[in-house]
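Student: A single structure is presented below for examination.
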Amino acid sequence: MRSRRQENAVRSFGAGGGGFGPSRRDVLAGSIGAGALLALPDLGMGGRLGARPGKSGRAALRYAFLYGTPDPGPASSGSLVATMCPVPRTASPLAPVPVAIKLAAAPVSSPDLAVTALATVDMVHDGAKITLTLIDATSAAVAQQGSVTVTGVPRDANVLVTPVFAPGSPIVSLVLAITMPVGKRPVRKADPRTGSQATRWATTWASHHVLAYFDQSSGAITGPFHLSGEPPLALSTAAANSSDLLMWTTREPQPGDSAEIRAQASMSRLTVFPLGSGAARLSVQAPAPWPGGEPLVTLPAGDVARLVRGRDVQVCSARTGEVTELRIPAFSRGRAKPSAVTMQARPEGTVFMTKPGAGVAVIADPADSFRMTAQIQFPPPTSPLGAPWSKAVLSLAGDTCYVLGPAATGGLCAYDVGSGKLVGSYSEGRHYAGLYQLPSGTLLAVRPENPRLAFFSSGLSPIGTADTNLYVSAVF
């Protein structure tokens, strides 16, 4: 069961983790009627570097997209900027270039990292217009775009959009959580300092989900499909395989519900939709915890794995809805310090999981009940929780694990995956909050104050730094 404080966080669409980066409430506050894709200037990267990229040079000339909250700004809202990677060794780092502002949700990269999906919401005369834009990672240009209008959405509604790529399919699902005011009533509230009573208006909100599907082959959008049933909490989790969309939701207790119904409302449901359809093929109760930002990966067989409670993996069958829960022994040791957890699929079929608060990263084999094939121990960093959530990364070859440096020294460290031994470190006294490896092999470390971006070689040699007015939440 969740505490009252956790329940309040869920009802507010989740509080932002850490000291910087947009929370779900912040993103929603700026999403209606304000989303905008900005025109990128011609950066002329081919001419600047002396050659146009060939097929083999696509990774070297790929953009990295930084998502977060701009500062200063009139209101918190999700924004995206692009920076070139790697930083050219013969020139100063390039300043990040704006791509989009006031996004309706965090971006999502395709499984092959070729495109990044952005969602914006704008109010039109008959409802909310949802626009999905796919940005090419090599050129930062718009690859494809499609829009769908959900009618009957008032201007004071909140709309949260989650794009979901389907491995092995051209379909991109759009999961929309629409929260609308359904009633207002006056309430009397006492001032805690003076004790005087004041009358204020309280608003009752109700949420429901809507599905739409964008076909990258034809550029057409199917939907919207309004999902029936009782109003759920806006928070949901979704993943897809080549044929189905899997969606976890939780019913929200309504005024007048009996104790039995309220108890049932605490249960989540897993619903499976054939891609392109608004009619469920399967709907079953799902084990705890409630959905809400937990890491997921789609496995080669089409099942979906959720990393829950920071220590267990739930493997959900897309065919039957059956859930098998597996314990990750390295994550089971109790720690007082909260920790971000991550899970990423590897090309060879394994998964890479991290729990920086416990100072551990593992490689596990889903085909063998998530048996650990490698384990790396490291001193916890000073910021094991909070955005950006990526605190440790596996090298492209899979032989080196890079992590944020210890709380005592900061910087970065490198560990050999086979032996678990420390093989490199770098520190100039700075503490970083996030770490990513770009497709070129360059490491990008993020900190909450400028210079916010620091680039390193795979050998942990500094390449350069760059300033940005963005409090970075994630890198794509």
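Student: With +1 on each Lys and Arg Cβ and -1 on each Asp and Glu Cβ, how big is the dipole of region 339-476 about its Cα centre, in debye rounded to the nearest 20?
Tutor: On the way: 8 positive and 8 negative charges, 45 e Å.
Charge dipole, region 339-476, about its Cα centre: 220 debye, nearest 20.
Student: Between Q437, S390, P380, whose Cα lies farthest towards the positive end of the dipole of region 339-476 when Lys and Arg beta carbons carry +1 and Asp and Glu beta carbons carry -1, centred on the Cα centre?
Tutor: P380
Student: Amide H to amide H, which residues 5 or more places from G68 or on other chains are under 5 Å from it, using H placed in the peptide plane?
Tutor: Under 5 Å from the amide H of G68 lie the amide H atoms of S79, S473, each far enough along the sequence or on another chain.
Student: Which of the pairs K355/K421; K102/K184; K102/K391 have their Cα atoms more than 23 Å apart in this structure?
Tutor: Details: K355/K421 18 Å; K102/K184 28 Å; K102/K391 26 Å.
Where the Cα-Cα span goes over 23 Å, the pairs concerned are K102/K184; K102/K391.
Student: Provide the FRET efficiency to the nearest 0.05 for the D365-S283 pair, computing r from the beta carbons and using R0 = 30 Å.
Tutor: Values: r = 31 Å, r/R0 = 1.02.
E between D365 and S283, to the nearest 0.05, is 0.50.
Student: Shifting gears a bit: For R430 and A95, compute 0.36 nm times the residue count separating them, minus their Cα-Cα distance, and round to one decimal in nm. It would help to have the intermediate numbers written out before the result.
Tutor: Working: separation 335, 0.36 × 335 = 120.60 nm, distance 2.08 nm.
Result: 118.5 nm gained on full extension.
Student: Using the Karplus equation 6.51 cos²θ - 1.76 cosθ + 1.60 (θ = phi - 60°), what ³J(HN,Hα) coupling, rounded to whole Hz, does each residue of region 401-416 give in order, writing x for Gly and Pro?
Tutor: 10, 9, 9, 5, x, x, 4, 6, 10, x, x, 9, 9, 10, 10, 6
Student: Could you give the length gained on full extension between A198 and A220, defined as 0.36 nm per residue of separation minus the Cα-Cα distance, in nm?
Tutor: 2.7 nm
Student: Continuing with the same structure: I want the local charge near R452. Using Cβ-Cβ distances under 14 Å, sum +1 for each Lys or Arg and -1 for each Asp or Glu among the other residues.
Tutor: Details: positive: R430, R447; negative: D71, E449, D467.
Summing Lys and Arg as +1 and Asp and Glu as -1 gives -1.
Student: Another question about this same structure. Can you work out the FRET efficiency for the pair S228 and M180, with r the C-beta to C-beta distance and R0 = 22 Å, to the nearest 0.05?
Tutor: Result of the calculation: an efficiency of 0.85.
Student: Ok, one more. Net charge within 12 Å of A374 by Cβ-Cβ distance, Lys/Arg positive one each and Asp/Glu negative one each, not counting A374 itself?
Tutor: Working: positive: R346, R371; negative: D365, D399, D416.
Neighbour charge sum, excluding A374 itself: -1.
Student: Applying the Karplus parametrisation 6.51 cos²θ - 1.76 cosθ + 1.60 with θ = phi - 60° to the phi angles of region 162-170, what ³J(HN,Hα) value in whole Hz is obtained for each residue in order, glycine and proline being reported as x?
Tutor: Ordered by residue, 3J(HN,Hα) equals 10, x, 9, 7, 10, x, x, 9, x Hz.
Read-outs throughout are calculated quantities, based only on the coordinates presented, and are distinct from any laboratory measurement. Since we're looking at a predicted model, the values are computed, not measured. Methodologically, a virtual Cβ is constructed for each residue, glycine included, from the backbone with ideal geometry; neighbour enumeration extends over all protein chains shown.
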